[in-house]
Amino acid sequence: MKQLLAADCLIPVAGLSSRFKIWKPLLQFEDKSLIEHAVANAEAVCSHIIVVSGYRGEEIKEFFSSHSRVTVVNNPLYQQGMVSSIKRGLKYIENDYFFIVPGDMPLLLPQIFLKLWKEQDGQIMIPQYEGKPGHPVLIPKKYSHELKKWEQKRFRSLLLSLPHKMVEFKTSNILMDVDTEEDYKKLLKLSK
């Protein structure tokens with residue numbers, strides 16, 4: 001069996017997908033839904049995965065009921081946004097480091113996680129492509145207290161205010177999320 005990183009992966013998927021006609025986590029890409037891709041990529045390298053659900057949380061729980069390293073947590077405050085889901089998931093972190101991966105980023109392959117892990121030096125590790133920050137971010141658990149206190153909407157502002165290191169990547173996959181139907185169409189073109 002392959003050695004897993006002593007790291008958690010926190011995946012928020014609690015939102016309403018209000019910019020979409022259908023619910024994003026279950027959108028299909030290649031052979032799986034977006035959330036299945038996100039979890040599978042994390043499972044390939046992380047010892048524990050926390051999926052934070054909210055809207056349609058029972059469906060998410062059912063999806064991953066057979067995954068022994070996946071904990072599905074409900075965020076009753078999911079309408080307050082992704083920051084509330086991250087805060088909710090922090091309570092379930094088991095390791096000294098954790099990744100945060102949005103559930104709508106199926107192209108975050110295991111080698112991306114591994115590169116960030118190799119670079120980690122006690123700071124927050126933020127991947128970037130051509131100067132643009134992306135995901136996943138790798139965060140030492142020692143910063144959890146600051147994360148729990150954060151009240152603003154933009155989580156990235158907090159990460160950039162704490163000790164961090166930008167890690168350059170040669171792939172735009174770290175930027176490819178599915179926020180709009182146009183983003184989804186771009187993603188589908190990649191699989192052809």
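FYI, it's all coordinate maths here, none of it is from the lab. Because the structure is predicted, anything quoted here is derived from the model rather than measured. Virtual Cβ from ideal backbone geometry, glycine too; neighbours counted across all protein chains shown.
Some values worked out for this structure:
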read-out	value
Checklist (1) touching a residue at least 12 places away in the same chain (Cβ under 8 Å); (2) surrounded by fewer than 21 Cβ atoms within 10 Å (Cβ to Cβ); (3) not small (Gly, Ala, Ser) applied to Asp31, failing item	(1)
Among the residues listed as Lys186, Lys165, the single one being of a type in the set (Lys, Arg) and within 12 Å of Leu107 (Cβ to Cβ)	Lys186
Test: residue in the stretch 147-167 that is touching a Ser or Thr at 6+ places or on another chain (Cβ under 9 Å) and either under 24 Å from Lys87 (Cβ atoms) or among the hydroxyl-bearing types (Ser, Thr, Tyr) (or both)	yes
Any chance Leu116 is surrounded by 15 or more Cβ atoms within 10 Å (Cβ to Cβ) and touching a helix residue (DSSP H, G or I) at 6+ places or on another chain (Cβ under 6 Å)	no
Residue in the stretch 127-135 that is crowded, with 16+ Cβ neighbours inside 10 Å, of a type outside the set (A, V, I, L, M, F, W, C) and in contact with a Cys (Cβ under 9 Å, 6 or more places away or on another chain) present	no
